[in-house]
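Comments concern the structure below.
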Amino acid sequence: MSLIPNAALARLRDGRGSRTLRTMTESATDLGPPLFADGRHREPTAERVAAASHFILELARALHQHGTPAHRLESALSAAAQQLGLETNFMSTPTSIMVGIGPIDQQQVHLLRVEPGDTNLGHLATLGEITRQVVDGEISTRAGLAQIHALKNEPPRYKAWLVPVAFVMSSAAVACFLKVRTGDLLVASLLGLVTAAVSILAGRRETTRHVTEPLAAFVVTALAFTLDGVLHTNTGYATSLAGLVIMLPGLTFTVALTELSTRHLSSGTARLSGALVTFLGLGFGLALGAKAGGALGKDLSHVLPMLADVSSRAPLPWWAEWVALLVAPLAFMVLLKAQPKHALPIMVAAAAAYLTSKFAGAAMGEELGAFLGAMVVSAGSNLFARMKRRVAMVTQVPGLLILVPGSIGFRSVTSLLGAEVETGVATAFRVAIIGISLAAGLLAGNVVTRSVNRVRI
């Protein structure tokens, strides 16, 4: 997904390595030119095969743990294995990877049980660099393996206090996108801080880790509706949504649809089920929190009547949305653990996706706006990755976070829990259409950039 390196292009003009080059440029990352520059087949030794196999297995585990979708994972691994002279087959699910190495009649199958981890764009970028160095012959597979293992012991990329700040920034940005009032912006920022505290504390214990989303939804919503009752703002739902935005599985939902569209049915179905369960957990927590917070806020409003007009009812200034468009990508960069040097490309990708979706949606409808926004960020990320020989996901994921329909899905679940069945079903159908539009946009962006690559060849 980057422009073709000059060395590879020279080999192609000489009639060497065209098949391998095309495989590499259409993979999830541009891993560089073939391992053997003269293009001749060399029979690998048993030691070389063992080292290359070990490298591929550990690379598969690392890519999976840091959030690579199945279609990108299998494509990248297949390209790297081919460069290393291995005959392989891969099958990825959200919790495991099966790797078959060797000819079909002598194949050795390895099963890797992998716990799905959070997306780590910094590590994905580093893994792309390590793999390029290995297939270029700059370092050995053993050296590459050592570097992959070293990633596990790296200290956190950002200071611990920056994570709550990023939660606050993302909640404030979403509140600006929702066009709330000035006082509500402050409430949304506070709720973002509460979400950060709950997620960090709950994530430290195994007993509470699996209930982080409903727990955060209950606490944040209860506080939001309590403040709503005391301040009489009638914006409890909007501020709750802004405070919980990081918890919404809209990106997981979109990735699941993309995997299903690329015929990775096992992974796509499992990921889609996980997104739906998360939506239900958040909706359940919101329903309980709204009941508890509404009752408490009503009681406190009688005790503290002087606070009814404290919150500012002034609308946000016109420039708040554009400031939020700069702030949100920086928050995503911290939460996704991206490298600081990628800040500018991430901001450009997010801005391009948002502006395309906003103006195209206003002119042609929300679904087509989502499609065009996803296509722009997908094609742009692929071309940028080819030019800079980087991993396309570094800019693609933050760009998609601006577009994903998490808030709409959240509204659908809460409508169903509130016995508003018709509204809930209609909203759920709208979520599905937007999600499909995003997935189609991602695939269309890949097709466009591959066509451009063939034209360049």
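Would it be correct to say that MET98 is crowded, with 20+ Cβ neighbours inside 10 Å and not polar (S, T, N, Q)? Spelling it out, it is not the case that MET98 is crowded, with 20+ Cβ neighbours inside 10 Å and not polar (S, T, N, Q).
Residues that are closer than 18 Å to SER96 by Cα and outside any loop (DSSP other than H, G, I, E, B) within the stretch 263-301 comprise LEU265, SER266, SER267, GLY268, THR269, ALA270, ARG271, LEU272, SER273, GLY274, ALA275, listed in sequence order.
SER78 falls short on exactly one of the conditions (1) out of contact with any Ser or Thr (no Cβ under 8 Å at 6 or more places or on another chain); (2) open to solvent by 40 Å² or more (accessible area, probe 1.4 Å); (3) among the small types (Gly, Ala, Ser), and that condition is (1). In this structure, LYS179 qualifies as over 30 Å from THR93 (Cβ atoms), open to solvent by 50 Å² or more (accessible area, probe 1.4 Å) and of a type in the set (D, E, K, R).
Cβ-Cβ under 8 Å, sequence separation 6+ or interchain: first residue in the stretch 207-226 and aliphatic (A, V, I, L, M), partner not in a helix (DSSP H, G or I). Which pairs? Listed pairs, sorted by first residue: ALA216/LEU244; ALA217/LEU244; VAL220/LEU244. The sole residue among SER273, SER261, SER240, SER266 that is small (Gly, Ala, Ser), in contact with a helix residue (DSSP H, G or I) (Cβ under 7 Å, 6 or more places away or on another chain) and open to solvent by 30 Å² or more (accessible area, probe 1.4 Å) is SER261.
Report yes if THR278 is under 23 Å from SER170 (Cβ atoms) and within 18 Å of the chain's Cα centre (by Cα), otherwise no.
yes
Check whether at least one residue in the stretch 140-149 is within 22 Å of the chain's Cα centre (by Cα) and at pLDDT 85 or above, and report yes or no. Yes, because at least one residue in the stretch 140-149 is within 22 Å of the chain's Cα centre (by Cα) and at pLDDT 85 or above. Filtering the stretch 285-324 to residues that are at pLDDT below 85 and basic (Lys, Arg) leaves LYS298, ARG313.
The residues of the stretch 188-215 that are of a type outside the set (Asp, Glu), at pLDDT 85 or above and open to solvent by 20 Å² or more (accessible area, probe 1.4 Å), listed by number, are SER189, LEU190, LEU193, VAL194, ALA197, VAL198, SER199, ILE200, LEU201, VAL211, PRO214, LEU215.
The values are calculated or read from the model by the stated rules, or taken from the named source; none is laboratory data. These figures come from a predicted structure and were not determined experimentally. Neighbour counts are summed over all protein chains in view; Cβ atoms, including those assigned to glycine, are modelled from backbone coordinates with ideal geometry. Note: accessible area is taken over every heavy atom of the protein model, side chains too, but ligands, DNA and RNA are not part of it. Shrake-Rupley method; radii C 1.70, N 1.55, O 1.52, S 1.80 Å.
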